[in-house]
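Written below as structure tokens is the structure these notes are about.
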Amino acid sequence: MQPYFVVCGAAVLFAVLLIIRIRLTRSSGSRTMSGIEIGNGQTIGSRSEQDDYFSSMTTPVGTLAVVADGISGLANGRMSSTLAVTTFTKAFAKLDDATNLNRYFAEAATQSNRGILQNLNGQGGGTTLAAVIVCGYQLYYGAVGDSLITIYRNGHFQTVNSKHTAETLLEERVLAGQMTSEEAKTSPVRNQLVNYLGYEGFESMELGTAPIRLYSGDHVLLCSDGIQEALTEIEMEEIMRRGGTPQEAADAMIDAINDKGYKSQDNATVLILAIG
């Protein structure tokens, strides 16, 4: 009888070890699947209300990060940014695969624009939005307005999206010889948005024509314009070169902005995704 119990005991022990191994493998695979550490920072600046809104989430499809900047000077900026980010995150949670992420961006933008306009009911309002999805080592993005998406790699930034402001139109006029560089730089409409969510004339958001290859050690940053207006690219690079976690870098950027104490400091938000 004793050998029988020994065999049974060994079988039970093997089964327990096998279950533990399976659970550890699944747990490890879950961490490896995203391989992304996220940090965020935000300040209200000198504004009376925080019109920036942001979110991030990870599903089996990948990791989504979104930053929206409700337009300052217009009513309902906070409503617009909150509605847009919520729409993008809810739509992403329903995705089953990554076969057509550009369609996801386009449909979420259209739905957000429609929802904001319905809530505004003829009042002024709107929001910029920058969104990225990281699937493995591929970056997909969609953007509208002047919020920035940039990649920090090997000590320097590589800008991903363009600004949808009158600045771009003015630069085209300079190239066409229709105005001077100085006139373009001092134009009072230079920073005026020409495309945003909550805009009657909105047609589409900027989408990447192909995914961008990411590498271990890259950092993807999403910034509202309150970050760009307060910190130079050199200052941001100096903060990133210090190393540390994405949260430490995000905190350092917000601290640097608050230390400057600009009287007209806009809301500022930064999301940093560290690629493992």
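The values are calculated or read from the model by the stated rules, or taken from the named source; none is laboratory data. This one's a predicted model, so the numbers in the text were calculated from it and none came from an experiment. Note that we place each Cβ from the backbone using ideal geometry, even for glycine, and neighbour counts take in every protein chain shown. For the accessible areas, the whole protein counts, side chains as well, though only heavy atoms, and no ligand, DNA or RNA atoms are used. Shrake-Rupley method; radii C 1.70, N 1.55, O 1.52, S 1.80 Å.
Observations
- Given (1) touching a helix residue (DSSP H, G or I) at 6+ places or on another chain (Cβ under 8 Å); (2) open to solvent by 10 Å² or more (accessible area, probe 1.4 Å); (3) not in a helix (DSSP H, G or I), number of the condition S264 does not satisfy: (1)
- Qualifying residue in segment 253-263 (condition: touching a residue at least 40 places away in the same chain (Cβ under 8 Å), aliphatic (A, V, I, L, M) and touching a Pro at 6+ places or on another chain (Cβ under 7 Å)): no
- Any hit, segment 68-86, residues being in contact (Cβ under 8 Å) with a residue 40 or more places away in the chain, in a strand (DSSP E or B), in contact with a Phe, Trp or Tyr (Cβ under 7 Å, 6 or more places away or on another chain) and under 30 Å from G217 (Cβ atoms): yes
- Residue pairs whose Cβ atoms lie under 7 Å apart, sitting 6 or more positions apart in sequence or on different chains, and linking a residue in segment 43-56 that is open to solvent by 80 Å² or more (accessible area, probe 1.4 Å) to a partner that is part of a loop (DSSP other than H, G, I, E, B), are R47/S72; R47/D266; R47/N267.
- Meeting the requirement of 2 or more residues that are of a type in the set (F, W, Y) and buried (at least 18 other Cβ atoms within 10 Å of the Cβ), the strands (runs of 3 or more DSSP E) wholly within segment 107-212 are 138-144.
- Subset of segment 57-92 [within 16 Å of the chain's Cα centre (by Cα) and open to solvent by 60 Å² or more (accessible area, probe 1.4 Å)]: T58, K90
- Of all residues in segment 228-245 being open to solvent by 50 Å² or more (accessible area, probe 1.4 Å) and without any contact (Cβ under 8 Å) to a residue 24 or more places away in the chain, the one that is nearest to A256 (Cα to Cα): E235
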